[in-house]
Amino acid sequence: MLILGDILAIVASVIGIGVTAWALTICMGYLFSNHAASAARAIQKKPWLSLGLGFAALATVGLVSIILLSVPNPAVKFLGTLTAGFIVLAAFLGNAGMSRIMGERIRAEGGCTDYAAFTKGSGLLVAACMFPVFGWFVLGPILFIISLGAGISTLLTKHANAPAYDV
């Protein structure tokens, strides 16, 4: 039986995860703006390659991370935590590219600044993944896999001079 405190804790946790995901996407987009622009190009030009690369990376590196995290040795658990962190950061780098695409489309419609458009695009992506059932089990995993593929592809390529946002 759930009491009011349990329900409030769950709601606060979901809101906290959403705000954290939104903030991390914005930070990744502005700290690594050239990589985010490259991830946006990867998603726009070859979305199926991003999906396939993300699925392959999640199946291999994710499985290795789970195996390393299940070993009782603390040093091996630390390596598992590092690999899981790499997956999450690569996915948020790709998510910054996807938010950049949404931001460019929002800016074309509304005529707002780069920062406002990017923040709105990131917020809309995170909010869409927070919808119960469809967002959690369909849209969220698909966007995570595509973002992971775009993030890994941008980390594996060399960047010359990608257009960055003006801050």
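Per the helix-only calculation at 222 nm, which mean residue ellipticity applies to the chain, given -39500 (n - 2.57) for every DSSP H run of n ≥ 4 and division by its residues, nearest 500 deg cm²/dmol?
Values: 6 runs with 135 residues, N = 167.
Taking each H run of at least 4 residues, the total per residue is -28500 deg cm²/dmol.
Measure out, as a whole number of angstrom, how far apart the alpha-carbon centroids of the range 19-39 and the range 71-103 sit.
Centre-to-centre (Cα) distance: 13 Å.
Which residue fluctuates the most in the chain, going by a Gaussian network model with Cα springs under 10 Å, if the choices are 92, 134, 32?
134
Among all the lysines, which ones have a C-alpha under 28 Å from residue 45's C-alpha, if same-chain residues fewer than 8 places away are not counted?
120, 158
Just how much of residue 2 is accessible, in Å², when a 1.4 Å probe is used and the result is rounded to the nearest 10?
Ignoring ligands and nucleic acids, residue 2 comes out at about 110 Å².
Could you work out which residue, out of 33, 99, 65, moves most in a Gaussian network model of the chain, that is, has the largest mean-square fluctuation with Cα springs under 10 Å?
In this elastic network of the chain, the residue with the biggest mean-square fluctuation among 33, 99, 65 is 65.
Using a 1.4 angstrom probe and counting only protein chains, how large is the accessible area of residue 30 in Å², to 10?
50
Leaving ligands, DNA and RNA out of it, work out the accessible area of residue 136 with a 1.4 Å probe and give it in Å² to the nearest 10.
About 120 Å², rounded to the nearest 10.
Tell me the label only: which of (i) 0.95; (ii) 1.10; (iii) 1.02 is Rg/Rh (Cα atoms, Kirkwood Rh) as calculated from this structure?
Among (i) 0.95; (ii) 1.10; (iii) 1.02, the one calculated here is (iii).
For residue 124 paired with residue 31, estimate the spin-label separation in nm (one decimal), with each label point 7 Å from Cα along the Cα-to-Cβ line.
2.6
Probe radius 1.4 Å, ligands and nucleic acids left out: which of 143, 155, 51 has the largest accessible area, and how do the rest follow?
Details: 143 30, 155 80, 51 50 Å².
Most to least solvent-accessible, the answer reads 155, 51, 143.
With a 1.4 Å probe and all protein chains kept in place, how do 28, 102 rank by accessible area, largest first?
From most accessible down to least: 102, 28.
The values are calculated or read from the model by the stated rules, or taken from the named source; none is laboratory data. Since we're looking at a predicted model, the values are computed, not measured. Backbone-built Cβ (ideal geometry, glycine too); neighbour counts: all protein chains shown. The protein model used for the area step is the full one, side chains on, heavy atoms only, and it has no ligands, DNA or RNA in it. Shrake-Rupley method; radii C 1.70, N 1.55, O 1.52, S 1.80 Å.
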